[in-house]
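Structure, as structure tokens:
Quick note: the coordinates plus some simple rules give every number you see, no bench work behind them. The shown structure was predicted, so the numbers you read here are calculated from the model rather than taken from an experiment. No Cβ is skipped: glycine too gets one built from the backbone with ideal geometry, and neighbour counts run over all protein chains shown.
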Amino acid sequence: MMAVSRGNVKINIEECKGCGLCVDSCPPKCLSLAAELNAYGAHPAAYAGEGCTGCGICFYCCPEPGAITVYRMPAPRAVEASHAASV
Ligand code: SF4
Ligand code: SF4
């Protein structure tokens, strides 16, 4: 079962060269190379739609500026605070 998503990624398929570095480096394995081709004739990276932790590893290993953007979701502070108050 995939972990709860704590992040999201957006891939600009026309900037992606399909090198696969992000796919290999993603710890929860929520990236893959798409079956379709982009304008470069490459299979661009694609996000599974869930499981991203927002770690940013894919962003740092991507050699193409603007190909991948990582969004981190805010921490669930309200849940943590109510839990802390009940113990
Ligand atoms: S931010 Fe981390 S978990 Fe999310 S897609 Fe990139 S490498 Fe995978
Ligand atoms: S590392 Fe960058 S260029 Fe390579 S497949 Fe992933 S998004 Fe595309």
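Here are a few things to note about the model shown:
- Note on segment 45-65: among residues that are outside any loop (DSSP other than H, G, I, E, B) and hydrophobic (A, V, I, L, M, F, W, C), the one that is farthest from ligand 1 (Cβ to nearest atom) is 46.
- For segment 3-31, the tally of residues that are of a type in the set (S, T, N, Q) and within 12 Å of ligand 2 (Cβ to nearest atom) stands at 2.
- Top-ranked residue of segment 29-44 - restricted to ones that are near ligand 1 (Cβ under 10 Å from one of its atoms) and crowded, with 16+ Cβ neighbours inside 10 Å, ranked as nearest to residue 63 (Cα to Cα): 31
- In segment 15-74, the residue that is farthest from residue 5 (Cα to Cα) out of those that are charged (D, E, K, R) and within 11 Å of the chain's Cα centre (by Cα) is 29.
- Residues in segment 5-28 that are more than 12 Å from ligand 1 (Cβ to nearest atom) and of a type outside the set (D, E, K, R): 12, 13, 16, 18, 19, 20.
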